[in-house]
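Colleague: My structure is below; once you've seen it, I'll send some questions.
What follows draws every value from the coordinates through simple rules; no lab data is involved. None of the values given here were measured: they were computed from a predicted structure. All Cβ positions, glycine included, derive from the backbone under ideal geometry; neighbour counts span all protein chains shown.
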């Protein structure tokens, strides 16, 4: 397949060294040529290669002949060229091809790899980052469609350099940007809200090139901003601050940033953020270890740093596993204490029932025995005084019942509050999800509360029935208040 430059030089052979300039958003070819070899077929082949808006211009003395992609009339263009060629006598003409690339869909076409590579290599690092940032912020991806020869395809999760225009990118990163933002202060986060995975090459080329080197630099840059305490980009300079056992500060020229330690920083970065749990603990340990290994002049480190971090974290976990087990055991102990308190509360409520009704029973039996033994009659056991005293006891019992019920609900509320406080108290050591798992999503506590609620309902019903039975018995044996008097009282 012919490239754009091969097509245009076939249609318009150059008579001097062509000027070839391709940038991120445009391309310009300019050179002297003749009009001897132009045909409709090869002009059609040329315009078919160009996938973006363009203008092709031929300048003959003071006159200009041009075609634009929006109004493509090749027949008219050739006709004008033929007319000019008839009056020219082997005169040279100036040809210009200007392409304005349409990058709105997150695709940048590269027509002339040599020219684009020169632009890429000569552009300051921070300006390249700015060019990449806008489509990455808006589209979450950027594809460089290489329409020239000589570049091996490269892929990252959000950026690729490929000869295929409609390839899909994986974008399967599990790195949480919010975790990075909450643990690291990157002053330019709003402008560059990216993780290192945006630029980490999944399929690096066999031979490094300017594009892969830039991707490696970008990957290292965002590894550093996700590990160091403070980072900021200003002009073409990177400021970093690391606080661990020692404090280090760096001011690095981005164009001079070396990627010799990229593999180490990538391993550290993935180790910290690949799992969403223990990010803060890992990051704190990483900073402490890194501060002991890192130099004063640059951020280069060797592979032993990563090994020290992983070994140190294993020791950290071993030291803290006993604390974890203790915390779990404390939760179980407190849960058992709450469960025991639940049983005690139900038992206490039942005892109040016994105490209250024992008084009735004693009074009822005493009066009944004294009257029956004294008179040998089973009716008229309760006279006026005994009946009034009994109903005073009834009033006290009802009051005691209401008070016991009030105290019960107060104690139940305190148990629920203590349970919630127990959960909150352990969140500084254990993950809330782990606490939820230990407590089985509150199932045991909820079962205890249901048991308590059922008990109080049963005991309350029993208490009320007992009071009603005593009242019915007294009304049946009283000479002061009888069933007949009650019925008459409520009759109209």
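Colleague: Starting from the Cα-Cα distance between residue 10 and residue 281, subtract it from 0.36 nm times their residue separation and give me the gain in nm to one decimal.
Modeller: 91.2 nm
Colleague: If you don't mind, another one. What is the distance, in nm, between label points placed 7 Å from the Cα along the Cα-to-Cβ direction at residue 450 and at residue 149?
Modeller: 7.6
Colleague: Which order results if 239, 269, 349 are arranged by neighbouring Cβ count within 10 Å, fewest first? Display every interim value, and only then the final one.
Modeller: Numbers: 239 15, 269 25, 349 20.
So the residues, fewest neighbours to most, are 239, 349, 269.
Colleague: Go from 0 up to the bin containing the longest alpha carbon distance in the stretch 4-102, width 5 Å each, and give me the % of pairs per bin.
Modeller: 2, 12, 26, 28, 20, 9, 2, 1
Colleague: For residue 440 and residue 311, compute 0.36 nm times the residue count separating them, minus their Cα-Cα distance, and round to one decimal in nm.
Modeller: Between residue 440 and residue 311, full extension yields 43.2 nm more.
Colleague: Then there's this: Can you sort 223, 184 so the residue with the fewest Cβ neighbours within 10 Å comes first?
Modeller: Ordered from fewest to most neighbouring Cβ atoms within 10 Å, 223, 184 come out as 184, 223.
Colleague: If I model a spin label at residue 70 and residue 55 as a point 7 Å from the Cα along the Cα→Cβ vector, what separation in nanometres do I get?
Modeller: Taking the simple label geometry, residue 70 and residue 55 are separated by 1.0 nm.
Colleague: Take every DSSP beta bridge whose two residues both sit in the stretch 4-102, then give the antiparallel share in percent to the nearest 5.
Modeller: 100
Colleague: Nearest 0.05, what FRET efficiency do residue 253 and residue 176 give at R0 = 25 Å with Cβ-Cβ as r?
Modeller: E between residue 253 and residue 176, to the nearest 0.05, is 0.20.
Colleague: Can you tell me the length gained on complete extension of the stretch residue 127 to residue 80, counting 0.36 nm per residue apart and subtracting the Cα distance?
Modeller: Once the chain is fully extended between residue 127 and residue 80, it gains 12.7 nm.
Colleague: What is the calculated FRET efficiency for residue 302 to residue 328, with r their C-beta to C-beta distance and R₀ = 60 Å, to the nearest 0.05?
Modeller: 0.95
Colleague: Which FRET efficiency value, to the nearest 0.05, is calculated for residue 271 and residue 340 with the Förster distance at 41 angstrom and r the Cβ-Cβ distance? Don't jump to the answer; show the numbers that get you there.
Modeller: Numbers: r = 44 Å, r/R0 = 1.08.
The formula returns an efficiency of 0.40 here.
Colleague: Can you pull the one-decimal nm distance between simple spin-label points at residue 262 and residue 409, each 7 Å off the Cα toward Cβ?
Modeller: 7.0
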